[in-house]
Every structure is written in C-alpha cells, then in structure tokens.
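Read-outs throughout are calculated quantities, based only on the coordinates presented, and are distinct from any laboratory measurement. Keep in mind the model is a prediction, meaning the values are calculated, not measured. In this analysis, Cβ positions are derived from the backbone assuming ideal geometry, glycine residues included, and neighbour counts consider all displayed protein chains.
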Amino acid sequence: MPDEIYIAPAQSYIAKKIESPPDAIASHVRWKITLLLAARMREPLSPRATDSLQRPEQCSIRQWLLSDHTLHLRGTNEYQNALDQHLAFHGQMLRIADLINAGEYEQAERLLNSPEHFHNPSIALANAIMALDSPSAERPSAHRFAPVEMQHPVELRKIA
C-alpha cells in the first residue's frame, strides 16, 4: 500500500491574550493569514475560527478593548473609533469566511486582495488600534470633531 499524505485543514487561527496595541495588531494580521491560507489551500476554516468571526464580542481584540488595559481610554474618540472599526472589520472577514466555507475560494481571494473589501477596513482597524497608543488618546473628549478640508489653500509668504 503506497504511503498516503495527509494535509491538515486550514486551522492556523491561534487566539493569544492581547495586552497592548502591538499585540492587537499581531492578532489582526494573523486573521488575514488564516483567511488567505484557507482560501489558497481550498479548505474550509476550522469551526473555532468560523465561530470567532461570527461572534465579534468573543474576539480577543474586542476582549482587550473591554479589558482593564484600556480602561483609561474609555470616553475618547480613539477608543470609540477602535470599537467601531473592529466591528466593521469583523463584518468584512465574516463575508470572506462565508465564501471560503461555501467553497468559493477564488471569490474569497479576490475580496482578500480588494482594497474596499479587506485592505481598507484592515488598515482602518490597524490605525484605530495604534491611535490608542497615542498621547491624545489619553484624554477623554466631550466632543467629536470631523476633519476639516480647506476650500482655499493658504499661501505662506516670508515677511521681510
């Protein structure tokens, strides 16, 4: 009888306790690797990975955001943005996971490589997480300010 080769299903998702923004970013990056690996191996995600995507409230990043590690950030715009971006990113990942689990691997890879479906939400979440590490995130704000675009650029001139 010839030797048989067994390939394990794509189950590289590993939950790790998050204690800082860099830990959260590392967890975030592992998700892209997990989804890409599953799509390329033409294997469904593990039940654990799928369950994690379906339940953002149980995600290690969400748990970190609600932990004592971020208690001093509550009430800041940066904190609320991180919560919002995390939820939005889970929605995009779940959409891709559903395609993978349905055997639609090419479509899942297209979305993983698409700016609007994965890259932009991924960068937005990473930026929101890193903003929690900035000094301005330490001060709760009573108001939310939207960025202002200048209608007419100001020309600066040197005065003699």
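Tally Lys/Arg at +1 and Asp/Glu at -1 over every other residue whose Cβ is under 14 Å from the Cβ of Leu87; what's the total? List each step's numbers first, then the result.
Working: positive: Arg55, Arg62, Arg95; negative: Glu57, Asp84.
Charge balance near Leu87 sits at +1.
For the range 21-134, taking Cα atoms only, Rg and Dmax work out to 14.2, 44 Å respectively.
Exactly which trypsin sites (Lys or Arg not before Pro) in the range 44-135 are in a DSSP loop and have at most 15 other Cβ atoms within 10 Å? Mind dumping the intermediate values first?
On the way: sites: Arg48, Arg62, Arg74, Arg95, Arg110; in loops: Arg74.
The qualifying sites are Arg74.
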